[in-house]
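What follows is a single structure, written as C-alpha cells, with notes after it.
Just so it is clear, none of the values below were taken in a lab; they were calculated from the coordinates. The structure displayed is predicted, hence computed values, not measured ones. Note that we place each Cβ from the backbone using ideal geometry, even for glycine, and neighbour counts take in every protein chain shown.
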Amino acid sequence: MNEIEKFYTDNFNKYGKNLKSIGWSNKKDQILRFNKIFTGIEYRNKSILDVGCGFGDLYFFLRKKNKDVNFKYSGIDITSNFVEITKERLSLTNSNVYCGEVFNLNKKFDIVVASGSMSYNFKGAKNKNLLLIKKMYEITKKVLSMNFMSSYSDFELKKNLHYKPEEMFQFAKKLSPKVNLIHDYNLYEFTIQIFKND
C-alpha cells in the first residue's frame, strides 16, 4: 500500500462513506468543483473517465444536472474501499469502475477529469502529478479538466499540495495551445482545462 492509498484508507476507516474520507468538507463545495470542471464541456454521448473517483459522486452530479443526456462513465481509484462502494452504487448503470493507477490504463476516453486527485502532499508528489497529467492528456480524445489547490490562499495545511496557477498554465500550454485557466470561484483552488489540438 503506497502513501496516498494509506492516507485515504485511514480516512475511510475513520469516517466511512462520507465526503471527509475523500478529503472534502461539504457537498456544496464539491458541486461547485464539478461545475467548474465541466465549464463549457459538452458531455452528451461522450465517454468520461473520472480519475480519483472516490464514491462516484461525479456520475450522480452529471445525471442530476441533465437527466436526458446519455454518457458513458468510468471511474478509477487506488483505494479499494472507495471502488467497492462505487461499484455497488453504480451497479444498475452502464458504468465501469477500476481499482488501480491510471498509468496502467491503455483505453482512451473523450473526457478525462480529476477533481481533488492531486491535492495530497507526499514526497515527490509534484513530479508524479506532472507525469499523471501527461498520462491523462495522452488518454483523452477531447479534453482533460482538473482542479488544484491554489498557492493564492490565506493558509496552507502540511497535508495539502498547493500549486501556482501560472506555473500549471505554462505546463499545460506545453501539452496543447488550447488551455483554460479558471480561478474565479470562492475556494482556494483553480481549474485547468487542456483541449486536444485537433
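Here are some notes:
- Shape call, the chain: gyration tensor on alpha carbons, a/c limit 1.5: rounded
- The modelled label-to-label distance between residue 130 and residue 93, using points 7 Å beyond Cα along the C-beta direction, is 3.4 nm.
- Out-of-range pairs (alpha-carbon distance over 31 Å; input 27/164; 64/128; 64/164; 64/174; 65/135): 64/128; 64/164; 64/174
- Segment 151-198 shape via C-alpha gyration tensor axes, a/c threshold 1.5: prolate
- Alpha-carbon centroid distance for the pair segment 123-198 / segment 5-80, whole angstrom: 17 Å
- Under-5 Å amide H pairs with residue 46, H placed in peptide plane, nonlocal only: 72
- Backbone phi angles across segment 51-67, fed through the Karplus curve with coefficients 6.51, -1.76 and 1.60 (θ = phi - 60°), yield HN-Hα couplings of 8, x, 5, x, 9, x, 4, 4, 4, 6, 4, 5, 5, 5, 4, 8, 5 Hz in residue order; Gly and Pro are listed as x.
- Entry note, segment 49-113: relative contact order of 41 percent, from Cα contacts under 8 Å with a spacing of 6+ residues.
- Gain on full stretching of the segment that runs from residue 154 to residue 167 - 0.36 nm per residue minus C-alpha separation: 2.8 nm
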